[in-house]
Amino acid sequence: MTDTIDERARALALYVLETGATVRAAAERFGVSKSTVHKDLTERLVRSDRPLWLLVRTVLDRNKAERHLRGGEATRRRYESLRPAP
């Protein structure tokens, strides 16, 4: 079972590196929970492939730094769609 989990963690890491995907996007793509993706990329990968983990960490840190911008943009689009037309 550990091999399968390590393989999933590696596949998730490669996907995040190639696409710059968020944890949420990776979870949806692989059909697992956000918690599973986060645990795979932050705890399991560091034990099985530290160099890959270091690369993924940069993407995760960038996504975390930008999340307030994505959230603000999503809120703006939502409220624009609710505003009545002039």
Which one is surrounded by the most Cβ atoms within 10 Å (Cβ to Cβ), of the residues in the stretch 35-46 that are farther than 15 Å from residue 4 by Cβ and of a type outside the set (Val, Ile, Thr)?
41
Among the residues of the stretch 1-56, what is the count of those that are closer than 26 Å to residue 70 by Cα and assigned to a loop (DSSP other than H, G, I, E, B)?
6
I'd like to know if the stretch 60-69 contains one or more residues that are of a type outside the set (Lys, Arg) and either touching a residue at least 40 places away in the same chain (Cβ under 8 Å) or in contact with a helix residue (DSSP H, G or I) (Cβ under 9 Å, 6 or more places away or on another chain) (or both).
yes
Can you tell me which residues in the stretch 57-86 are farther than 23 Å from residue 5 by Cβ, part of a helix (DSSP H, G or I) and aliphatic (A, V, I, L, M)?
65, 69, 74, 82
Return the total of residues in the stretch 34-86 being among the charged types (D, E, K, R) and farther than 16 Å from residue 8 by Cα.
13
Flagged in the stretch 3-21 as under 10 Å from residue 56 (Cα atoms) and modelled with pLDDT under 95, in numbering order, are 20
Filter the stretch 51-86 for residues that are surrounded by 10 or more Cβ atoms within 10 Å (Cβ to Cβ), among the acidic types (Asp, Glu) and more than 18 Å from residue 19 (Cβ to Cβ) and give the result.
73
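The values are calculated or read from the model by the stated rules, or taken from the named source; none is laboratory data. Nothing here was measured: the structure is a model prediction, and the numbers come from that model. Every residue, glycine among them, receives a Cβ derived from its backbone with ideal geometry; neighbour counts consider all protein chains shown.
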